[in-house]
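Working notes for the structure below.
FYI, it's all coordinate maths here, none of it is from the lab. No experiment lies behind these values; they were computed from the predicted model shown. Using ideal geometry, Cβ is built from the backbone for each residue, glycine included, and neighbour counts are taken over all protein chains shown.
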């Protein structure tokens, strides 16, 4: 069975795989998202993605002939990792840090198929216009981005109105560098429902 397993409960990641025309099953991984602050941000997300993929691989022996895909996304501003805000106040602080500046969105990806394991990260640079206090307040109260790295989602109001420029993969900012994943799956002989 060459089924694709998404080791994530993220609705955005599932949506992106659907947009890519892929069929998959969701098997959420339940692992700690704590990380070592002494390693590079790229290694942080790669390690978290690998931990998620390994957990699903170990817990689901019967699907081990499938392709397991896991990912983790962080926002980095001036060498500080911004994970998910714990509430309103932290969300405000995060968006104030991002206001008028360029930050990095880094997604770590791990794909496991039988004895093969591919681990990589993708970085996108995002620049915000200066954000007013009222913009930040409106966004956080209306959209409650407490499950979003950096306290925002690019596809929501704040992204539409507040982002000045993007350099790199847009979908990476949503949580999954789909194009690069397709290339990796192709190298791993994934049976696509379309020709590549």
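Quick notes on this one:
- Each stretch of four or more DSSP H residues adds -39500 (n - 2.57); spread over every residue of the chain, this sum gives -10500 deg cm²/dmol at 222 nm.
- Rounded to the nearest 10 degrees, the inclination of helix 88-98 to the longest alpha-carbon principal axis of the chain is 90 degrees.
- Prolate/oblate/rounded call for the stretch 1-78, Cα gyration tensor, a/c under 1.5 rounded: oblate
- A Förster distance of 41 Å, applied to the separation of the beta-carbon atoms of residue 133 and residue 195, puts the FRET efficiency at 0.20.
- The relative contact order of the chain, computed from alpha carbon pairs under 8 Å that lie at least 6 residues apart in sequence, is 22 percent.
- Ranked packing of 38-45, 51-58, most packed first, by mean Cβ within 10 Å: 51-58, 38-45
- Relative to its Kirkwood radius, the Cα radius of gyration of the chain gives an Rg/Rh of 0.99.
- Packing-based exposure ordering (other Cβ within 10 Å, fewest first) of 188, 94, 174: 188, 174, 94
- For the chain, the longest principal axis of the C-alpha atoms and the axis of helix 178-187 are separated by about 20°.
- Centre-to-centre, using Cα atoms only, the stretch 40-112 and the stretch 117-133 are separated by 11 Å.
- Sequence ranges 103-112, 9-18, ranked by mean other-Cβ count within 10 angstrom, highest first: 103-112, 9-18
- By average C-beta atoms within 10 angstrom, highest first, the peptides 19-31, 151-163: 151-163, 19-31
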